[in-house]
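Input: a single structure, listed below in structure tokens.
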Amino acid sequence: QVQLVESGGGLVQAGGSLRLSCAASGDPLSKYDVAWYRRAPGKGREFVATISWSGHVTDYSDPVKGRFTISRDNAKNTVYLQMNSMKPEDTAIYYCNAALRPIIADFPGDDWGQGTQVTVSS
């Protein structure tokens with residue numbers, strides 16, 4: 001299994017930007033598809049975005065499409081989530097997830113990071 005650590009969360013005003021990082025150790029991240037999920041207060045886990053092992057295939061949930069961009073740098077064992085035009089509805093704990101197969105919204109991989117808090121003020 002791979003260990004994942006998220007970073008980059010914090011407080012940002014509506015309309016602003018934030019970039020999250022997911023750093024991997026214990027196994028090359030190049031082996032894994034990676035996804036971001038989030039959990040907002042009082043809500044269940046929500047799929048945000050995913051990226052294939054090669055970086056050639058990405059997918060986004062409708063609420064973030066056009067605003068968020070997922071990318072990866074396998075040489076750095078890191079996946080990123082660039083969040084632009086942020087909205088208060090984006091407030092959540094964001095989690096990194098990895099699997100040795102494609103990740104779809106309702107079927108995450110078994111490996112999770114600890115999460116990083118993102119708060120968007122209005």
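The values are calculated or read from the model by the stated rules, or taken from the named source; none is laboratory data. Values in this document were obtained by computation on a predicted structure and should not be read as measured data. Neighbour counts run over all protein chains shown; Cβ positions are idealised from the backbone, glycine included. Each accessible area value is taken on the protein alone, full model and side chains, heavy atoms only, with ligands, DNA and RNA left out. Shrake-Rupley method; radii C 1.70, N 1.55, O 1.52, S 1.80 Å.
In debye to the nearest 20, how big a dipole does the chain give about its Cα centre with +1 on each Lys and Arg Cβ and -1 on each Asp and Glu Cβ?
Roughly 220 debye for the chain.
Assigning unit charges at the beta carbon (Lys, Arg +1; Asp, Glu -1) and nothing else, what dipole magnitude in debye, to the nearest 20, does the range 1-67 show about its Cα centre?
With Lys and Arg at +1 and Asp and Glu at -1, about 220 debye.
Please work out the Cα convex hull volume for the chain and give it in Å³ per residue.
Once divided by residue count, the hull of the chain is 88 Å³.
How high is the FRET efficiency from Gln13 to Asp73, r the C-beta distance, R0 22 Å, rounded to 0.05?
Between Gln13 and Asp73 the formula returns 0.20.
Return the FRET efficiency for the residue pair Phe107, Ala23: r is the Cβ-Cβ distance, R0 is 22 Å, and the value is rounded to the nearest 0.05.
FRET efficiency, Phe107 to Ala23: 0.40.
Which value, in Å², gives the accessible area per residue of the chain when a 1.4 Å probe is used on the protein heavy atoms?
On a per-residue basis, the chain sits at 50 Å².
Using Cα-Cα distances under 8 Å and only pairs 6 or more residues apart, what relative contact order does the chain have, in percent?
36 percent
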